[in-house]
Each structure stands twice: as C-alpha cells, then as structure tokens.
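FYI, it's all coordinate maths here, none of it is from the lab. The structure displayed is predicted, hence computed values, not measured ones. Methodologically, a virtual Cβ is constructed for each residue, glycine included, from the backbone with ideal geometry; neighbour enumeration extends over all protein chains shown.
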Amino acid sequence: MSTRVTRVVLTEAAEDLVRRLTGRHGPLMFHQSGGCCDGSAPMCYPRGEFRVGAADVLLGEVAGDTPFWMSAGQYAYWRHTHLTVDVVPGRGSGFSLEAPEGVRFLLRSRVFTDEEWENVRAEPPLPTGADPTE
C-alpha cells in the first residue's frame, strides 16, 4: 500500500502549541469548517468534543495522531492545495482551545505541484465522517 500525499502539516510553532494544549486537554482534533468569521480558521478542540459530519473529510493527522478534518464544502475549494497550519498573535474563536493563549491558528496554502496533483488524483477518496471508525 502506498503512502498518501501529505495534505496538511504544522509549522514548528503550531506543533509546539498543539503539544502544550494536548498536555492540558488530552487528545485533540482540528476542524476547518469554512464558515464565516472564525469558521474560516482551523479550530482546535478536545477530541470527541466536536462531532464531525458524514460529509466531513479527514485530510490527515498532524502532531503525531491529531486528526485534521475539513467540511466537504471547504474541501471542494482546497482539494488542490497543500495546507500548513501556523500560529500567529491575536485572538481567534472563543471555541478553539488556543484562544486563551492570545494566539490563533491560521492556514497557509500552496497549490500542489503537477506531480503531487497526479498522485492525489490516483489515490482512493479520503476518509469521511460517514466511514466506520476502528
């Protein structure tokens, strides 16, 4: 079985913050909804506190085993991009775990290279919230 193209990664600063938040809150998850306002930023929750929908797409895992989910509507726009989660000063959503830290998570993107895109297109579909969990 071949390895999937990596779709999402964390910067070193974001990974450090995820480690600290995991120490305080236990296992985490990300969700990118694509809604207005704070919904346009990746949101970080204690794993199990946010219920993914059947159409949500699992882009991969970051910081070891932290799942990064994206709504199907957002994925339709971002499927051709590689995403990097960064952390920047400022207040994000009160619902995302980093808010009390005075920072917020932010997505940076780049279009996949031609080679990456061909590999993505050859892969099976990504898991969704409708898929059975182990």
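Relative to the longest principal axis of the C-alpha atoms of the chain, give the angle of the C-alpha long axis of helix 12-25, reported between 0 and 90° and rounded to the nearest 10°. It is inclined by approximately 60 degrees. Full extension of the chain between SER40 and ALA130 yields a length gain of 30.1 nm, computed as 0.36 nm times the residue separation minus the alpha carbon distance.
In the chain, the DSSP-assigned H stretches of four residues or longer account for a calculated mean residue ellipticity at 222 nm of -6500 deg cm²/dmol, using -39500 (n - 2.57) per stretch and the full residue count as denominator. Convex hull volume of the C-alpha atoms in the stretch 85-131, normalised per residue: 100 Å³. Dipole check for the chain: with +1 at the C-beta of Lys and Arg, -1 at the C-beta of Asp and Glu, and the Cα centre as origin, the magnitude is about 340 Debye.
Taking a ≥ b ≥ c as the square roots of the eigenvalues of the alpha-carbon gyration tensor, the stretch 55-116 is classed prolate because a/c is 1.5 or more and a/b outweighs b/c. Remark: the stretch 101-112, residue by residue, has Karplus-estimated 3J(HN,Hα) of 7, x, 9, 9, 7, 9, 8, 10, 9, 9, 6, 4 Hz, where x stands for each Gly or Pro and the curve is 6.51 cos²θ - 1.76 cosθ + 1.60 at θ = phi - 60°. Distance from the C-alpha centroid of the stretch 99-134 to that of the stretch 48-78: 8 Å, rounded to the whole angstrom. Computed across the chain, the Kirkwood hydrodynamic radius from all distinct Cα-Cα pairs reaches 15.2 Å. If the segment from TRP117 to ASP65 were pulled out straight at 0.36 nm per residue, it would be longer than the present Cα-Cα gap by 16.3 nm.
Of the chymotrypsin sites (Phe, Trp or Tyr not before Pro) found in the stretch 87-131, those in coil by DSSP whose Cβ has at most 15 other Cβ atoms within 10 Å are PHE95.
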